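Below is one structure, written out as structure tokens, with a few remarks after it.
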Amino acid sequence: MRKPVVLITGAGGEIGHSLVTRLSDAGTAVITLDLTPLDATLAPRVLREFTGSITDVPLLDRLLAQFEVGVIYHLAARLSSRSEFTPVTAHHVNVEGTLNLLEFAQHEGESHGRPVTFVYPSSIAAYGLPSLEAKARAGRVREDEHLQPTTMYGCNKLYCELLGDYYARHYKQLSVDTIPRVDFRAVRFPGLISATTVPAGGTSDYAPEMIHAAAKRQPYACFVRPDTTIPFMAMPDASAALQALAEAPRERLRRTTYNVSAFSRSAEEIRHTVQAAFPNAEISYKIDYKRQGIVDSWPADVDDAAARADWGFAPSYEFGRAFREYLIPAIGSFYAS
Ligand code: SER
């Protein structure tokens, strides 16, 4: 008998930390796949941890043989800035890795006879506005607008949304004996801010880096202009959104991919708030024009009405509350310990 479990790829990453904690607190049996071993806070929370790559198909076959996976949270990816340095590797991991997981889900579904819920974090990077004027005009962007990403990561995310939709609705449509077994659901995350982890290789990283540097009493040079504005979300709301989407009744979901967001703020507004919380913080600006160009192509805000209507998305942390009740107390105790 194979064991019924939830699989999380990229479990040791930022979202993974929050999601593994949330699901294991709820008593869910979780198995994980990550390139490196889980840290001591996560490892005891999971039923079984696999160390390896999502590009390793024989490893995925071993998981298939041993576990009955009903839900997959496929978090493993290379983020946007990092992907620009090695775009072919990024494509290999972000696209071919996702294809491997979709095939894995299809085979799991075939073997246990029920669709596998496949939850995929897409990104605001799927959008691409050609200029700051277009960004100002676009306002709160809806899911089907401005889908001309400028980064390899954004292209990868947008394509994998389509690939997931293909597995969910059209898989091998000309074969008589194969039916879709993948229930694919995606959110497009804004920039995410966690109190307990820092991102690696993203382009929205200036916000979390600014906060963590202030908490550690280190100077920080923000790599985008003060007026740079994109939407953000606190990490507990991000992992809660993934869980809520996974648990939503299928018939309520009218889309494959949903925008989600909590607050849209400029780098300068974030700097002010960090400075108020940590009065000794030394925050300056040193613009990286290439990374600036990427963030300028992302919308200043997104319309998440569909997520709110279809599966009850409702973030707990607006900007003020995220700082007052989550980031400042949690970062303070994180670095104190
Ligand atoms: N936060 C991610 C990045 O900056 C976008 O999804 O790459």
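Taking Ala90 and the conditions (1) in a helix (DSSP H, G or I); (2) surrounded by fewer than 19 Cβ atoms within 10 Å (Cβ to Cβ), which numbered condition does it fall short on, given that it satisfies the others?
Answer for Ala90: the failing condition is (2).
Are there any pairs with C-beta distances below 7 angstrom linking a residue in the stretch 189-202 that is free of Cβ contacts under 8 Å to residues at least 40 places away in the same chain and closer than 23 Å to Thr86 by Cβ to a residue that is more than 6 Å from the ligand (Cβ to nearest atom) and not charged (D, E, K, R), with the two at least 6 apart or on different chains, and if so which?
none
Which condition does Ala207 not pass, out of (1) open to solvent by 10 Å² or more (accessible area, probe 1.4 Å); (2) small (Gly, Ala, Ser); (3) over 20 Å from Glu161 (Cβ atoms); (4) assigned to a helix (DSSP H, G or I), if it passes all the others?
So Ala207 meets the others, but not (1).
Here is a check on your reading of the model: is Gly154 within 16 Å of the ligand (Cβ to nearest atom) and either of a type in the set (Val, Ile, Thr) or assigned to a loop (DSSP other than H, G, I, E, B) (or both)?
When the stated conditions are applied, Gly154 does not pass them.
Identify, by number, the condition in (1) touching a Phe, Trp or Tyr at 6+ places or on another chain (Cβ under 7 Å); (2) surrounded by 15 or more Cβ atoms within 10 Å (Cβ to Cβ); (3) within 20 Å of Ser81 (Cα to Cα) that Leu147 doesn't meet.
Against the list (1) touching a Phe, Trp or Tyr at 6+ places or on another chain (Cβ under 7 Å); (2) surrounded by 15 or more Cβ atoms within 10 Å (Cβ to Cβ); (3) within 20 Å of Ser81 (Cα to Cα), Leu147 comes up short only on (2).
Of the residues Arg169, Arg142, Arg181, only one is away from the ligand (no atom under 16 Å from the Cβ), within 28 Å of Asp296 (Cα to Cα), open to solvent by 30 Å² or more (accessible area, probe 1.4 Å) and of a type outside the set (Asp, Glu); which?
The match here is Arg142.
So which of Ala43, Ala29, Ala76 is without any contact (Cβ under 8 Å) to a residue 12 or more places away in the chain and either under 22 Å from the mean Cα position of the chain (by Cα) or farther than 23 Å from Ala240 by Cα (or both)?
Of Ala43, Ala29, Ala76, the one residue that is without any contact (Cβ under 8 Å) to a residue 12 or more places away in the chain and either under 22 Å from the mean Cα position of the chain (by Cα) or farther than 23 Å from Ala240 by Cα (or both) is Ala43.
Do we find that Gln218 is farther than 28 Å from Arg254 by Cβ, outside any helix (DSSP H, G or I) and not charged (D, E, K, R) in this structure?
When the stated conditions are applied, Gln218 passes them.
Restricting to the stretch 75-114, count the residues that are within 15 Å of the ligand (Cβ to nearest atom) and small (Gly, Ala, Ser).
The number of residues fulfilling the criteria is 6.
Which pairs have Cβ atoms under 7 Å, sit 6 or more apart or on different chains, and link a residue in the stretch 305-331 that is farther than 15 Å from Ala195 by Cα and touching a residue at least 60 places away in the same chain (Cβ under 8 Å) to one that is in a helix (DSSP H, G or I) and open to solvent by 60 Å² or more (accessible area, probe 1.4 Å)?
Listed by first residue and then by second, the contacts come to Asp310/Arg252; Trp311/Arg252.
Being surrounded by 15 or more Cβ atoms within 10 Å (Cβ to Cβ) and either within 30 Å of Leu59 (Cβ to Cβ) or modelled with pLDDT under 95 (or both) is the filter here, so list the residues in the stretch 113-139 that pass it.
Pro115, Val116, Thr117, Phe118, Val119, Tyr120, Pro121, Ser122, Ser123, Ala125, Ala126
The values are calculated or read from the model by the stated rules, or taken from the named source; none is laboratory data. Keep in mind that this is a model prediction, so the values were computed, not measured. When we count neighbours, we look across all protein chains shown, and the Cβ atoms used for this are built from the backbone with ideal geometry, even at glycine. The accessibility values were calculated without ligands, DNA or RNA, using every heavy atom of the protein model including side chains. Shrake-Rupley method; radii C 1.70, N 1.55, O 1.52, S 1.80 Å.
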